[in-house]
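To keep things clear, I will list the structure first and then write my remarks on it.
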Amino acid sequence: MRREKPDFIDDKRGVSPIIGSLLIFAILVGMIGVMQSTMVPIWNKGVEYDHLDVIYSDMMSLKSDIEDVALLKSPKSSDIHRVCGIRSE
């Protein structure tokens, strides 16, 4: 006695959970895409501004130290923060 093969084309029992799952996934992907295109540049701008502030203060202290060394003729050192992404070997 052979069983009949199930006919998957005409079987509609699992269609609505699959469509619902796909719609939820599409909404999540859309939300992540909107966040990436709107919020991430704002966050990066804040990080870049903080980095610029650190570099600017380092350069101002270096300029002051160079002037002090030139006038007083005594050695002086400055702390320069490492720039991210540049490796010194």
Could you check, for region 41-48, whether at least one of its residues is of a type in the set (Lys, Arg) and closer than 30 Å to residue 79 by Cα? yes
Looking only at region 58-66, decide whether some residue is exposed (fewer than 10 other Cβ atoms within 10 Å of the Cβ) and either modelled with pLDDT of 85 or more or not in a helix (DSSP H, G or I) (or both). no
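Is it the case that some residue within region 74-83 is outside any helix (DSSP H, G or I), surrounded by fewer than 10 Cβ atoms within 10 Å (Cβ to Cβ) and under 21 Å from the mean Cα position of the chain (by Cα)?
Going through region 74-83, the residues outside any helix (DSSP H, G or I) turn out to be 74-83.
Subsequent filtering for residues that are surrounded by fewer than 10 Cβ atoms within 10 Å (Cβ to Cβ) retains 74-75, 77, 79, 82.
Those still in the list that are under 21 Å from the mean Cα position of the chain (by Cα) too: 82.
Scanning region 74-83, I find at least one residue that is outside any helix (DSSP H, G or I), surrounded by fewer than 10 Cβ atoms within 10 Å (Cβ to Cβ) and under 21 Å from the mean Cα position of the chain (by Cα), so the answer is yes.
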Find the residue count for region 35-57, including only residues that are surrounded by 10 or more Cβ atoms within 10 Å (Cβ to Cβ) and farther than 30 Å from residue 80 by Cα. 3
List the number of the failed condition for residue 31; all other conditions in (1) modelled with pLDDT under 85; (2) in a helix (DSSP H, G or I) hold. (1)
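The values are calculated or read from the model by the stated rules, or taken from the named source; none is laboratory data. Remember, predicted model here, so these are calculated numbers, not experimental data. Glycine also receives a Cβ, built like all others from the backbone with ideal geometry; neighbour counts cover every protein chain displayed.
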